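Asker: Mind looking over this structure? Questions follow.
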Amino acid sequence: MEWLPIIDKSVLILIIFLISLGIAAYSTYAERKVAAFLQDRIGPNRAGPFGLLQPIADGVKMFMKEEIIPSAADKFLFMLGPCIFMMTALMTSAVIPWGKPLDIGGYQMNLQVADINIGVLYIVATASVGVYGIMLGGWASNNKFSLLGAVRASSQMISYELAMGLSIIGVLLISNSLSLSDIVKGQEGFHWNIIYQPLGFLIFLICAFAECNRAPFDLAECETELVGGYHTEYSSMKLGMFLFAEYVNMFISSALIVCLFFGGYNFPGIDNLDLPQNVASIISVVIFFAKTFFFIFFFMWIRWTIPRFRYDQLMKLGWQILLPLSIFNVVATAAWLTFVK
Amino acid sequence: MAQYIFYALSIVTILSALYVVFAKSPMYSVIAMIVCFFSIAGHYVLLNAQFLAIVHIIVYAGAIMVLFLFVVMLLNLNQEPDKSHGKLLRVAAAISGGMLFLVLLLSLNTSETGTFVLPEKSDIGMVEHVGKKLFNEYVLPFEISSVLLLSAIVGSVVLAKKEA
């Protein structure tokens, strides 16, 4: 048994884990700063220079708060809920190719934890399992607002999963593979999938917003109707886990959008520069993260631009508009590939 | 290595399957069943059938069990275990279940036994191979089952329209 791949993968998993959590923490700061910028305010500026220590202060506050478990709640499931939600949020990062391979003393280090040939299906699977965290958490709280929030959140996620899965099929048809690393390799230079799949991208983007329970689809925690949605009864770090996992989801969704539609780590003209392998690899990682950060910003931008949907509008959009459009997209892409190309 | 994983997965599968039956609360039964499905998916991966494993998770753990959970959640069956079934029903259930078990046991008893050796680099379970098989050799059953699913969808829409 070779030990090198195991050490290599373990190190990579640890780094990605820390980066995901770090980015999620600073997304909370960025969200408040972006909100402040869009609303012509200053935003957090007390903790550290420019308020940069704000996420750490928030984290400490979350840990220090008293932990309350409702006496009528199912304690085990109450704790299991946030665990599952956080775990599935982090699990998706396993199949994302973060950059070109590094060369460490002759050993090729692949910057992707698992290059499985069903990468896209794996993403769909983890997204569908993530629903359990919300459902169990909302149900176990033994509170009708929590239960209603959980039912709303899970029916929303299930409805938008369909259109999301179908919108990816167009990309799969073009790149001829289910493996994310192949999909990214196929978009070398400027052959980004967004050019060939604008409709697919739009559908995927809308569904990503709905899957992350982000505004304008944040009906699950619609405070005017449901107090706090599925995490009404949660306090302390368990609440923190739910809120934090939402930011992890946002980061991973942005990374996925970049992988599937915006060329992943590719950048026009990067091959013409003739850089040494390691330099090219590091630049590709930087490019990947720059694109991802843009989409995280986009998530926040939309939040302060579009008002929240009503519940029937949400369902109508999902089932009567996005689903037929994504089916049309699949048929159109297949026809184009068969008859034109 | 693969052998130890196999044993660990098998223990989890059997224990969670037993828990589905013996759990007092239907909520826990559903969750144990999800765990059971995941460990079965693990077995598929060990057999190098990645596509089957992931579809198993998407369809069973991701869709069907969510439906189960919804029903259990909204009916709130978490109260006292149901004691309304009469003695006769219990005896009947025990006999029919026992008969099924006996039939399974007998059919397995006469089947061939031996050690099955997995080919070193088998990629039958990969997406390309499954797809080629489905759309060449088994295209008729595949299409028939898709028509069956379509008719189920149409049926459920018709029923839902009638209710509304």
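Asker: Out of the residues in the range A:277-292 that are open to solvent by 40 Å² or more (accessible area, probe 1.4 Å) and among the β-branched types (Val, Ile, Thr), which is nearest to A:LEU260 (Cα to Cα)?
Answerer: A:VAL286
Asker: Exactly one condition in (1) in a loop (DSSP other than H, G, I, E, B); (2) away from every other protein chain (no Cβ under 14 Å) is false for A:MET62; which is it?
Answerer: Condition (1) is where A:MET62 drops out.
Asker: Output yes when any residue across the range A:232-244 is within 14 Å of another protein chain (Cβ to nearest Cβ) and either of a type in the set (Asp, Glu) or touching a strand residue (DSSP E or B) at 6+ places or on another chain (Cβ under 8 Å) (or both), and no when none is.
Answerer: No, because not a single residue in the range A:232-244 is within 14 Å of another protein chain (Cβ to nearest Cβ) and either of a type in the set (Asp, Glu) or touching a strand residue (DSSP E or B) at 6+ places or on another chain (Cβ under 8 Å) (or both).
Asker: Which residue is modelled with the lowest pLDDT, if the candidates are limited to the range A:227-237 and must be in a helix (DSSP H, G or I) and crowded, with 21+ Cβ neighbours inside 10 Å?
Answerer: A:GLY229
Asker: Oh, and also: Given the conditions (1) modelled with pLDDT under 75; (2) crowded, with 19+ Cβ neighbours inside 10 Å, which single one is not true for A:GLU223?
Answerer: (2) is the only condition that A:GLU223 fails.
Asker: Scan the range A:80-133 for residues that are open to solvent by 20 Å² or more (accessible area, probe 1.4 Å), more than 11 Å from every other protein chain (Cβ to nearest Cβ) and either part of a helix (DSSP H, G or I) or closer than 29 Å to B:ILE31 by Cα (or both) and report the count.
Answerer: Of the residues in that region, 6 qualify.
Asker: Given the criterion touching a residue at least 24 places away in the same chain (Cβ under 8 Å), within 14 Å of chain B (Cβ to nearest Cβ) and among the hydrophobic types (A, V, I, L, M, F, W, C), identify the matching residue among A:ALA255, A:ALA150, A:ALA163.
Answerer: A:ALA150
Asker: OK, next. Quick one: in the range A:140-190, which of the residues that are outside any helix (DSSP H, G or I) and hydrophobic (A, V, I, L, M, F, W, C) is nearest to A:ARG214 (Cα to Cα)?
Answerer: A:LEU178
Asker: Condition check: within 14 Å of chain B (Cβ to nearest Cβ), open to solvent by less than 50 Å² (accessible area, probe 1.4 Å) and in a helix (DSSP H, G or I). Does A:LEU21 satisfy that?
Answerer: So A:LEU21 does not fit the description; no.
Asker: If you go through the range B:29-45 one residue at a time, do you hit one that is open to solvent by 40 Å² or more (accessible area, probe 1.4 Å), over 12 Å from the mean Cα position of the chain (by Cα) and under 15 Å from A:ILE118 (Cβ atoms)?
Answerer: For the range B:29-45, residues open to solvent by 40 Å² or more (accessible area, probe 1.4 Å), over 12 Å from the mean Cα position of the chain (by Cα) and under 15 Å from A:ILE118 (Cβ atoms): present.
Asker: Same structure, new question: When only residues in the range A:68-78 that are surrounded by fewer than 17 Cβ atoms within 10 Å (Cβ to Cβ) and in a helix (DSSP H, G or I) count, which is farthest from the other protein chains (Cβ to nearest Cβ)?
Answerer: A:LYS75
The values are calculated or read from the model by the stated rules, or taken from the named source; none is laboratory data. All values derive from a computational prediction rather than experimental measurement. Note that we place each Cβ from the backbone using ideal geometry, even for glycine, and neighbour counts take in every protein chain shown. When the accessible area is computed, the model is the full protein with side chains, heavy atoms only, and any ligands, DNA or RNA have been set aside. Shrake-Rupley method; radii C 1.70, N 1.55, O 1.52, S 1.80 Å.
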